[in-house]
Structures are given as structure tokens and as C-alpha cells.
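The values are calculated or read from the model by the stated rules, or taken from the named source; none is laboratory data. Being a predicted model, the structure only gives us computed values, none of them experimental. Using ideal geometry, Cβ is built from the backbone for each residue, glycine included, and neighbour counts are taken over all protein chains shown. Note: accessible area is taken over every heavy atom of the protein model, side chains too, but ligands, DNA and RNA are not part of it. Shrake-Rupley method; radii C 1.70, N 1.55, O 1.52, S 1.80 Å.
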Amino acid sequence: MSFWLDRWKGDSSFMNSFRSLYNLDRLKNASVAEHVSADGSWRFDFKRCLSHDEANSLAVLLEIIGSNPPALDDLPDTRLWPLTSSGIFSVKSLYAEMIRDSGEDNFPHNFVWIYDIPPKVNFLLWCAVHGKLNSQDMIQIKGIDVYTSCILCGDCTESQDHIFIHCKVAYKIWCSIMPVDGWAWVFPNTMINLARTWSNNFLSANGKIVWVLIPTAVMWVLWREKNCRTFEEKYFYKTDADLCTDVKTLVLTWAAGFGNRVHLNFSHTVSNWSMVFA
């Protein structure tokens, strides 16, 4: 490990941070170990006596590296990860450091990432919660002049919150897939609020499995239908009833795909949806 050239302490190499001291040191290419004397103190071989400002720079350098250098031994140099007590790198420690200052408290990761469904579907949901999907309003903001009315309902400006929550087509799908008896739900205004409030502990075991998959299935079906209507010239628009059936079918398919059979007869369950919450 080079004392001056490698970034072994702090945010940059000492060559960049203490250029005047680097220019004066005769040991420019020496390692950290070569800057440690036999009696266990730091050793610098400067070409001349330091000026007042240079002496102050050396004091700052010593504050960074510490007055006591590391002990010399015959072991090879190793990298230590400073965010864990063991010195071993972990993704968890890196993630904790990344979100410490700029992260979001209580981010609904269980809503965004479901391990048993296709990753591309999870990624769509992740983008939606972060407001990163290229809906028509976002494309307009980026300077591209496009027709901004919702292609699903034609009534309002297309935004991702409108497509997935407030569009009358989306409203019909959400109503068709929710429990019928003893259930009341106020539609949230944004995707992030939907993610934070999407939980229900009063359902059966099968109902809880279905509940986790509902938002992802609704958004995937709506986004695919929106793209098909936008980009495929000869596409035959699906009816609202067809889209409702597609969502229910997708939920049952995903549930069965990772070993949770929540229905006895596929077509019968789609037609009698309240069975899955019993």
C-alpha cells in the first residue's frame, strides 16, 4: 500500500490532499510500512526543513493517520471494511451507510420486491413507487411533445398515479379484485402511499397470499395494456372485464407457481373471486 499514491485513509490519496508535503518527501513511492521507523513512529524524509504552513499541513496529516502507526509484522497487507466490527465487507453495512443520510425511513420494501414473481415485474413496481416510469406527463416534462390524455380512459392527463389508481379502468379492476363482504377502502392518492398502507392481517392464509400479489398484478396488467394500445397499431383493446380477469388469472398463476395453490378449480375461482379470501 503506497503511503502517498493509494487512497488508504480518507476520501482521496495524500498526494492530492497534501501536495506540498508529497513534493518534499524523498520517499514518494514508498509504502506505508516504509514510512514507519524501527521504534514504531512515523518517518518522513523531507528534502529540507518545513515552513510554518508545511508544518501545519503535517500536523493535519498526523491527525488523519493517527500519531501511532500500525504495528509492523510479516503478514501480508489486507483490506478492512470500516463499517463492520469484523472488518469484513457486507452488503447490509453498505446499504445502512447509504441510507443513513439520504435514505427513506420505513421504505415499503416488502411491497416493492416479492421474491417469487418475475424480476421485471418487481422492477416495474419499484419504478412506480419511486415515480420513475415514463408515463405521458413525464415524457412531456422531458421536453417531448406528446398526446397526454390517458389512453385507457381518455378523460385525464396520463400520469402513473392516474394509470394505476385513479383511472376509471383501474378503479373497476381494484373494485373487482377486493373482498366483497365487510370491506371498505379509501383509494390512496399516490403509489408510495398505496405501498405504505397495503397490509391486512385479518385475512385467511390463502387470502394473505393473494393480498400480497394483487397490487403487482393490477399494475402489470394495466401497464401492458397501456403500452399495447400506445405502440401496437393493430391491437384490439381489451374490455374492462377482460382486464379484471387477466389480473385474477395472473394472481392465481403466480401463487401456484411458487407452491401456494389458493384455488380448487381455476376458472371457477376466477368467476367466484371471494373464495380466495375465505
(message) Just to be sure I understand: with springs between alpha-carbon atoms less than 10 Å apart, which residue in 148, 78, 157 has the highest mean-square fluctuation in the Gaussian network model of the chain?
(response) 78
(request) Give the carbon-plus-sulfur fraction of the accessible surface of segment 144-278 in %, rounded to a whole number; probe 1.4 Å, heavy atoms of protein chains only. (result) 55
(message) Cross-link candidates for residue 172: which lysines have Cα within less than 21 Å, leaving aside residues fewer than 8 places away along the same chain?
(response) 226, 238, 248
(request) Hydropathy first: keep DSSP H helices in the chain averaging at least -1.0 on Kyte-Doolittle, then drop any whose Cα extent along the axis falls short of 27 Å, and list what survives. (result) 205-231
(message) At 1.4 Å probe radius, can you tell me the per residue accessible area of the chain in Å²?
(response) 61
(message) In the chain, once you exclude exposed GluC sites (Glu not before Pro) (DSSP loop, at most 12 other Cβ within 10 angstrom), what's the longest stretch remaining?
(response) 105-231
(message) If the elastic network links every pair of Cα atoms under 10 Å, which of 167, 49, 127 fluctuates the most in the Gaussian network model of the chain?
(response) 49
(request) Name the residues whose placed amide hydrogens come within less than 5 Å of the amide hydrogen of residue 31, ignoring near sequence neighbours (fewer than 5 apart) on the same chain. (result) 3
(request) Considering only 130, 35, 268, give the residue with the highest GNM mean-square fluctuation for the chain, with springs between Cα atoms whenever their separation is below 10 Å. (result) 35
(request) Among the aspartates and glutamates, select those whose C-alpha is under 20 Å from the C-alpha of residue 47, and discard any that sit fewer than 8 residues away in the same chain. (result) 25, 34
(request) Using DSSP to define loop residues, name the trypsin sites (Lys or Arg not before Pro) in segment 181-276 whose beta-carbon has at most 16 other beta-carbon atoms within 10 Å. (result) 234, 261
